[in-house]
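Peer 1: The structure's right below; bear with me while I get my questions together.
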Protein chains: 2
Amino acid sequence: MNKEKKSSAYINDLCERAANAKKDICILDTKSKNRILLKYADVLRKNSTSILAENEKDLKAAIDAGVSKAFYDRLLLDEKRIDSMAQSVEEIAAFEDPVGRIENMRTRPSGIRVGQMRVPLGVVAVIYESRPNVTVDIASLCIKSGNVAVLRGGEESIYTNMILASMIRDILAGMNYNPDIVNLVENLDRDLVPVLLKRDDAIDIVIPRGGEGLIKMVTQEATIPVIKHEKGLCHLYVDESAVKDMAEQIAVNGKVQRPGVCNAVETMLIHKNYPWKKELLAVLMKHKVEIRGCEKTIEIMPGIVAATAADWKTEYLDLTISVRIVDSFEDALEHITTYSSGHSEAIVTSDYFLGQRFLKEIDSAAVFVNASTRFHDGGEFGLGAEVGISTQKLHARGAMGIEGLTTLKYIVYGNGEIR
Amino acid sequence: MNKEKKSSAYINDLCERAANAKKDICILDTKSKNRILLKYADVLRKNSTSILAENEKDLKAAIDAGVSKAFYDRLLLDEKRIDSMAQSVEEIAAFEDPVGRIENMRTRPSGIRVGQMRVPLGVVAVIYESRPNVTVDIASLCIKSGNVAVLRGGEESIYTNMILASMIRDILAGMNYNPDIVNLVENLDRDLVPVLLKRDDAIDIVIPRGGEGLIKMVTQEATIPVIKHEKGLCHLYVDESAVKDMAEQIAVNGKVQRPGVCNAVETMLIHKNYPWKKELLAVLMKHKVEIRGCEKTIEIMPGIVAATAADWKTEYLDLTISVRIVDSFEDALEHITTYSSGHSEAIVTSDYFLGQRFLKEIDSAAVFVNASTRFHDGGEFGLGAEVGISTQKLHARGAMGIEGLTTLKYIVYGNGEIR
């Protein structure tokens, strides 16, 4: 990498080109945007060999660095995964275009007609780690929603990201559009990230997707508005009135089906009067889940590990779960309010009123009654591909789809009205 | 003021009490919230003498500090203004409660039913200057929307703010609610503001209302999500096809009716082929508006002041306007894109297609065709009382009403569904 690029001039130049490309993407109609996306899907499939060759470089570096099997697997591409990336781009093309939609039109006593038009945010920056499909997804979502993308992936997938980004840039240029509609930060000097985060004059929103350290750094450094995609410390509360099979299935699904994701269950709270506490713990153990329990849990299932104070704050992302026996619904609420990361929480109950109270009183991005937290996902919620799952309350909360990349502006039709 | 309060412990304690009060306000039903508000309106009216006595202290300090007449006037309360504050509280009570409303309910192929419930943001901090009615408005809007308020007003209105805040706190306590639902920062040490802005664990959103310096400081220091309420550098574009009377009325209304507000016009762009350029300038001058014109404007109206580069960037908030003659609609768009603060812009035109293009291509919070920018206001748009006018794109853009103080959480009803 060229030395000049190392300076902040590299980032500033990229930001200015991105801001300048806004006018070129925001005016494209749905057909043109879809044509670009379908071409991208086609190019991804036809050039899988070149993509795999670049991916190989990242994989080699990963092996040299001695990464974990899980990490290596997240990085790895194959024909099937490339096909699924292309399919995801096609789905985004097929999805309804939110841009230009007019909502809430009304005539006011003054005579003016006021409504709100959905428009792109402008320039969207995303800072993310390892998985190369994020590059393709975000670039496609930005194009569909009329936004310019600034992508800053992790160094572990730099070669893969470079070829994936250069493909869409080449397509844009080849179709006589501005290639700067999609920008990849290729200089991964960490000192340059704060430079990017201060360019609120050029970038409209920054989305950090990753671990606590990344989120904290972005929140502290950014003058750009941030939409956090933080961890999921999700809770399942099994009420005394829970149906036995349902409780067991939802617990196993929440913990076992894919433990490494943010909507997996990390802590289970069980009402002391639920009759099948031991059976519930046993079914998790049968699925090789390590249980870390409170004193009362240990009384029920002697020999399991005792939970420490730290366990209630831990997102295991693994086949481990913390379990607490609670005296009441209110105690469960209080535990969740204290420890939840505000991502997803579920209750299993037969009690109508407790279900309603749980929905109302739990302050998380998604709240489930008698369904698995694993459903918290853009696809499952019907949003199409997702930008991610926002854990903050402003603008987009929870699963964030294409619409989350747009904003509303007021439009007013008048006939010469004045105040 | 007690010395101990000077330390950041004062702010930290206030933040913790505010966060703790969330659970007490968010569960209140509409009737209870309205009862609190109507009582507040009543107390304001019945205790006008005490309010005026406290206001007098602020006014005295203002005179000693030698403030401008405009500043003094903004600070000044009288019986009529107190009545209008009370009336505003009654209007907020009468407005529809957005909390608990369920939107977009749908059944997904998996069987789950997914919707979004409108819920309070949590703790809302507002940092503002001089006008004491903001204290009453924001406290009332927060109560109605189920939020805890943290108010940090300017030192120039501290005595007035203290009595207005203590009234609502006394009402809350008297009705057996937690008084910490409304909190006023009484220690105005400037070093404490950054302490407040870093408490993202306790405060959910911060709204700075004020000058550029304040906004910049908040944006840089805050780790809490910010909704900026910045300046309005608003443009009026008079197209060659504009109707003469309409152009003149909208220009005069935009500049003259209330020049000190953020939705007033600061720059007027006139198409070179508009036939009544001189008449348009003359009608503004008749209303004592000082015109700072480009070279071509001076050719039309010799003797006016020449505009410098700085004029295109200036929010006069006074009877001054900058005027530029442009060669085309595109030149007007480009000028606006370069200099606008993204607040409000208007076009006067008879051309259908130009009106549509203006609505689409101008990237501001509110865009007007043949109507005055002065309409950009929560009341005029039908939102009820307004929190302010947001000049950023995230969450709430433009006039921000009660709904802007809420967020959506996903709610899911299931029958034991798993993935």
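Peer 1: Two decimals is fine: what is log10 I(q)/I(0) at q = 0.10, 0.14, 0.21 Å⁻¹ for region A:189-282, from a Debye sum with one equal scatterer on every Cα and no solvent?
Peer 2: With no solvent term, the Cα-only Debye profile gives -0.46, -0.64, -0.95.
Peer 1: Same structure, new question: Between B:L188 and B:K23, 0.36 nm times their residue separation minus their Cα-Cα distance comes to what? Please list the in-between numbers first.
Peer 2: Details: separation 165, 0.36 × 165 = 59.40 nm, distance 2.74 nm.
Result for the pair: 56.7 nm of gain on full extension.
Peer 1: Moving on. Only residues of region A:316-356 count here: report those whose backbone N is under 16 Å from the spot 7 Å along Cα→Cβ of A:V305, or say none.
Peer 2: A:316-324
Peer 1: Sticking with this structure for a sec: Tell me, what is the Rg over Rh of region A:234-380, with Rh the Kirkwood radius over Cα pairs? Let's see the in-between values first.
Peer 2: Details: Rg = 13.5 Å, Rh = 14.7 Å.
That ratio is 0.92, to two decimals.
Peer 1: Over the alpha carbons of the protein assembly as shown, what is the largest minus smallest coordinate on each principal axis, giving the biggest first in Å?
Peer 2: 91, 71, 48
Peer 1: Oh, and also: Which three semi-axes in whole Å describe the equivalent ellipsoid of region B:294-352, each the square root of 5 times a Cα gyration tensor eigenvalue, listed largest first?
Peer 2: Details: eigenvalues 78, 54, 26 Å².
The answer is 20, 16, 11 Å, longest axis first.
Peer 1: Hey, what's the per residue convex hull volume over the C-alpha atoms of region A:254-307, in cubic angstrom? Display every interim value, and only then the final one.
Peer 2: Working: hull volume 4.6 nm³, N = 54.
Convex hull volume per residue, Cα atoms: 86 Å³.
Peer 1: Between B:E295 and A:E295, what is the label-point separation in nm under the 7 Å Cα-to-beta-carbon projection?
Peer 2: Modelled inter-label distance: 8.8 nm.
Peer 1: Right, here's the next one. Taking the Cα centroid of region A:351-419 and of region B:66-131, what is the distance between the two, rounded to the nearest whole Å?
Peer 2: Here the two parts' Cα centres lie 20 Å apart.
Peer 1: For chain B, what is the mean residue ellipticity at 222 nm derived from helices alone (per DSSP H run of n ≥ 4: -39500 (n - 2.57); sum divided by total residues; nearest 500 deg cm²/dmol)?
Peer 2: That calculation yields -13000 deg cm²/dmol at 222 nm.
Peer 1: Something else about it: Can you list the distances in nanometres, one decimal and ascending, from the A:V305 label point to the identical position in each other copy, with the point 7 Å along Cα to Cβ?
Peer 2: So the label point of A:V305 gives 7.3 nm to the other copies.
Peer 1: Fewest Cβ neighbours within 10 Å first, please rank A:S372, A:S340, B:S390, B:S8 accordingly. Intermediate values should be presented prior to the final figure.
Peer 2: Working: A:S372 31, A:S340 19, B:S390 23, B:S8 16.
With the fewest neighbours first, A:S372, A:S340, B:S390, B:S8 line up as B:S8, A:S340, B:S390, A:S372.
Peer 1: Label A:Q257 and A:T320 with points 7 Å out from Cα along Cα→Cβ: what is the distance between them in nm?
Peer 2: 2.4
Peer 1: Taking H as built 1.01 Å from N, whose amide H comes closer than 5 Å to the amide H of B:A346, not counting residues under 5 places away?
Peer 2: Hits under the 5 Å cutoff: B:H235, B:L236, B:Y237, B:F368.
Peer 1: May I ask you to sort A:F95, B:F381 by Cβ crowding, counting other Cβ atoms within 10 Å and putting the fewest first? Before the final figure, lay out the partial values.
Peer 2: Values: A:F95 19, B:F381 24.
Sorted ascending by nearby Cβ count, the order is A:F95, B:F381.
Peer 1: I've got another one for you. Hey, can you list the DSSP H helices of chain A whose Cα span along the axis is 20 Å or longer and whose average Kyte-Doolittle score is at least 1.0? Intermediate results must be reported in sequence, preceding the final value.
Peer 2: Numbers: long enough: A:8-25 (26 Å, -0.52); A:30-46 (24 Å, -0.74); A:48-64 (24 Å, -0.33); A:79-94 (22 Å, -0.44); A:158-174 (23 Å, 1.08).
Long hydrophobic helices here: A:158-174.
Peer 1: Taking a virtual spin label 7 Å from the Cα of B:E330 along the C-beta vector, which residues in region B:265-286 bring their backbone nitrogen under 17 Å of it?
Peer 2: B:271-273
Peer 1: Point me to the residue of chain A whose C-beta lies closest to the A-onto-B rotation axis, rounding the distance to whole angstrom.
Peer 2: So the chain A residue sitting closest to the axis is A:H395, 2.
Peer 1: Across the residues of B:385-397, average count of Cβ atoms on other protein chains within 10 Å? Show your work: numbers first, answer last.
Peer 2: Numbers: counts 0, 0, 0, 0, 0, 0, 0, 6, 12, 11, 9, 4, 8.
That average works out to 4.
Peer 1: Please compare each pair in A:K278/B:K409; A:K313/B:K198; B:K228/B:K360; A:K22/B:K231; B:K69/B:K288 to a cut-off of 27 Å on the Cα-Cα distance and tell me which ones are over it. If you can, show how the numbers build up before the last one.
Peer 2: Values: A:K278/B:K409 33 Å; A:K313/B:K198 22 Å; B:K228/B:K360 23 Å; A:K22/B:K231 23 Å; B:K69/B:K288 19 Å.
Pairs exceeding the cut-off: A:K278/B:K409.
Peer 1: Taking the radius of gyration and the Kirkwood hydrodynamic radius from Cα positions alone, what is the Rg/Rh ratio for chain A, to two decimal places?
Peer 2: Working: Rg = 23.9 Å, Rh = 23.4 Å.
Value, to two decimals: 1.02.
Peer 1: Arranged by the count of other C-beta atoms within 10 angstrom, fewest first, what order do A:K31, A:K198 take?
Peer 2: Final ranking by Cβ density, sparse to dense: A:K31, A:K198.
Peer 1: With Rg and the Kirkwood Rh both taken from Cα atoms, where does Rg over Rh land for region B:1-158?
Peer 2: On the way: Rg = 19.6 Å, Rh = 18.1 Å.
On the Cα set of region B:1-158, Rg over Rh gives 1.08.
Peer 1: With θ taken as phi - 60° and the coefficients 6.51, -1.76 and 1.60, list the Karplus ³J(HN,Hα) couplings across region B:341-351 in order, rounded to whole Hz; mark glycine and proline as x.
Peer 2: With the stated coefficients, region B:341-351 comes to 8, x, 8, 9, 9, 10, 10, 10, 7, 9, 8 Hz.
Taken together, the values in this text are just the output of simple stated rules run on the coordinates, not laboratory data. Note that the structure is a prediction, hence the values are computed from the model and not measured. Virtual Cβ from ideal backbone geometry, glycine too; neighbours counted across all protein chains shown.
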